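The structure under discussion appears below in the form of structure tokens.
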Amino acid sequence: MKIIRASSYQDMSRKGANIIAAQIIMKPNSVLGLATGGTPEGVYKHLIDQYNQGDIDFEHVTSINLDEYVGLNHDHEQSYWYFMQKHLFEHVNIHPENVYVPDGSNLNADQACQAYDYIIQRYGRIDLQLLGIGVDGHIGFNEPGDTFELNTHKVNLQESTIEANKRYFASSEDVPREAYTMGIKTIMQARKVLLLASGASKAAIMREALFGPVTPRVPASILQIHPDLTVIVDQDAGACLPE
Ligand code: GLP
């Protein structure tokens with residue numbers, strides 16, 4: 001595990017974007033596992049800048065996103081599909097047919113999850129998986145539980161997750177209670193994992209995830225045994241990590 005300490009959110013974002021840009025330059029047909037949330041927004045801004053400057057090209061890139069709320073269509077402004085279009089895909093030359101997000105509009109969970117696993121299997125391993133972390137240690141929407149869920153599955157969101165994500169909705173009642181998420185096996189099979197954390201609300205869970213026991217009660221703790229994990233924290237998120 002490599003921990004990079006950034007001085008600010010901006011610095012974390014630039015460093016994260018540089019790692020993703022290097023991945024695309026080194027392997028133009030990379031399969032990226034991309035994430036939503038406030039944390040990666042700055043990374044996407046920097047990637048768009050690098051694309052506009054001609055430094056990176058998404059022509060042959062594929063993106064397989066981590067998760068989606070159940071019940072939200074693509075055109076719902078809080079769907080993760082919409083988030084990815086607005087924050088990255090609309091601004092670069094990625095081909096729409098190379099972009100995947102679990103289908104939240106399909107209420108048949110078995111069908112939606114199997115279809116996503118089929119897509120993942122078709123591509124094989126993800127080259128670089130970008131992750132944020134929830135305050136309860138979730139990655140994607142893999143919430144704390146008794147076991148690590150391996151494949152794409154439906155989850156019931158924890159109260160703390162609903163609370164944290166309600167800022168994007170009119171009220172907490174409007175936050176969907178369920179989501180589809182890529183499983184832990186897919187995340188762990190990625191060749192490289194890049195975990196980002198920003199802000200004081202992530203400080204305690206970052207310590208638990210990276211230095212506590214590996215347990216499905218803290219889903220991100222499994223990343224400790226990933227062979228190629230890079231973590232970038234800003235000052236606040238890194239405050240509880242050992243020197
Ligand atoms: C959501 C997403 C996660 C993300 C988390 C943290 O629950 N499903 O992928 O890591 O929020 O979000 P933020 O970056 O806004 O703190």
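The values are calculated or read from the model by the stated rules, or taken from the named source; none is laboratory data. From a predicted model like this one, the values you see are computed outputs, not experimental measurements. Here the Cβ positions follow ideal geometry from the backbone for every residue, glycine too, while neighbour counts run over all protein chains shown.
Which ones in segment 205-225 are among the hydrophobic types (A, V, I, L, M, F, W, C) and outside any helix (DSSP H, G or I)? Explain how you work it out, then say what you get.
So the first thing to find is which residues in segment 205-225 are among the hydrophobic types (A, V, I, L, M, F, W, C), and the list is 205-206, 209-211, 214, 218, 220, 222-223, 225.
The answer is VAL214, VAL218.
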Would you check which residues across segment 113-144 are within 16 Å of the ligand (Cβ to nearest atom) and more than 13 Å from the chain's Cα centre (by Cα) and list them? CYS113, TYR116, VAL135, ASP136, GLU143, PRO144
Failed condition for TYR69, given (1) touching an Asp or Glu at 6+ places or on another chain (Cβ under 8 Å); (2) without any contact (Cβ under 8 Å) to a residue 24 or more places away in the chain, with all others met? (2)
Check whether at least one residue in segment 135-151 is assigned to a strand (DSSP E or B), buried (at least 21 other Cβ atoms within 10 Å of the Cβ), in contact with a helix residue (DSSP H, G or I) (Cβ under 8 Å, 6 or more places away or on another chain) and modelled with pLDDT of 95 or more, and report yes or no. yes
In segment 153-172, is there at least one residue being of a type in the set (D, E, K, R), away from the ligand (no atom under 14 Å from the Cβ) and either over 25 Å from LYS15 (Cβ atoms) or touching a strand residue (DSSP E or B) at 6+ places or on another chain (Cβ under 9 Å) (or both)? no
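Return yes when LYS185 is under 16 Å from the mean Cα position of the chain (by Cα) and surrounded by fewer than 19 Cβ atoms within 10 Å (Cβ to Cβ) and no when it is not.
On the way: under 16 Å from the mean Cα position of the chain (by Cα): yes; surrounded by fewer than 19 Cβ atoms within 10 Å (Cβ to Cβ): yes.
Yes.
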